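Derivation of every value follows stated rules applied to the coordinates shown; laboratory data play no part. Being a predicted model, the structure only gives us computed values, none of them experimental. Using ideal geometry, Cβ is built from the backbone for each residue, glycine included, and neighbour counts are taken over all protein chains shown.
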Amino acid sequence: MTGRLEGTVALVTGASSGIGEATAVALAADGASVAIAARRLDRLEAVSERMGNGANVLIIETDITDEASAAAMVEDTVREFGRLDTLVNNAGVMLLGPIVGAPVEEWRRMVELNVLGLLYSTHAALPHLLEAAASDPRRVADVVNVSSVAGRVARLGSGVYNTTKFGVGAFSESLRQEVTGRHVRVSIIEPGAVATELASHNRPEVLESIASTFANVERMESEDIAESIVFTVTRPRHVAVNEILIRPTEQER
């Protein structure tokens, strides 16, 4: 089915690759106008081409770890399309390894992007989402926070990444309770292992550990997660999907 999101506007962060790219493509295919935001302009332009000539797409080169830039991203979206119905907070980084002797700069990067960037984007978007939820065509709006199975299970070598994703879960549930009565739905998507570039930013020794852990696991594709996001935001107004945990069949933890 296509066209379920006709007349609505979505904003996807971290849209230059992986889950963000697949989600932007899927939302556009379902009729939404889509703002795609990330730091890599060349990759965003490629994503826009993939979305097709018939899609209404706005490219926003930005760094959401800067509060003013995150706010400007939202305002640019509303200025271009006139409204905002769906925010997909997908941008994130996963830098694993032991806590003892860890490069603190890696911790800072994760907190700034996984937590603060998400908070800045959501804060700026909420007034527009509340307005959209009170108007046609759907009279409901969505915040979708892409978290991780790491937001449920703390693991050796993943302590600070776990910290950021547990934080996303806590923020999401508190916000859900605050705005659900006004028909802004807040959902978290918690993927397990997905075949994206997310792990590639780790140090070589960490990459070896990740490869060993998932050597016999057929990882999910970005499109698998995008499908779950589209499912979430296309439910009827009276249905809120609060949380989806989605893992490869062979992933044990």
Only loop residues by DSSP count here, and only those with at most 14 other Cβ atoms within 10 Å; note down the trypsin sites (Lys or Arg not before Pro) in segment 76-178 that meet that.
R139, R155
Expressed in µm² per second, the diffusion coefficient of segment 9-246 from the Stokes-Einstein equation, with Rh the Kirkwood radius over alpha carbon pairs, at 4 °C and 1.567 mPa s, is 73
Grab the beta carbon distance between R219 and R79, set R0 = 35 Å, and tell me the FRET efficiency rounded to 0.05.
0.35
From the Cα centre of segment 75-127 to that of segment 16-49, the distance in Å is 16
Calculated from backbone phi, Karplus (6.51, -1.76, 1.60) coupling profile of segment 100-110 in Hz, x at Gly/Pro:
5, x, 5, x, 4, 4, 5, 4, 4, 4, 5
Net dipole in debye of the chain [+1 Lys, Arg Cβ; -1 Asp, Glu Cβ; about Cα centre; nearest 20]
660
Using the beta-carbon distance between L156 and A134 and R0 = 45 Å, what value does 1/(1 + (r/R0)^6) give for FRET efficiency, to the nearest 0.05?
0.45
Quick one: E205, E45, fewest Cβ neighbours within 10 Å first, how do they rank?
E205, E45
Residue-span extension gain [S174 to Q251] - 0.36 nm each, minus C-alpha spacing:
24.8 nm
For the chain, what are the DSSP H helices with axial Cα length of 18 Å or more and mean Kyte-Doolittle hydropathy of at least 0.5?
118-133
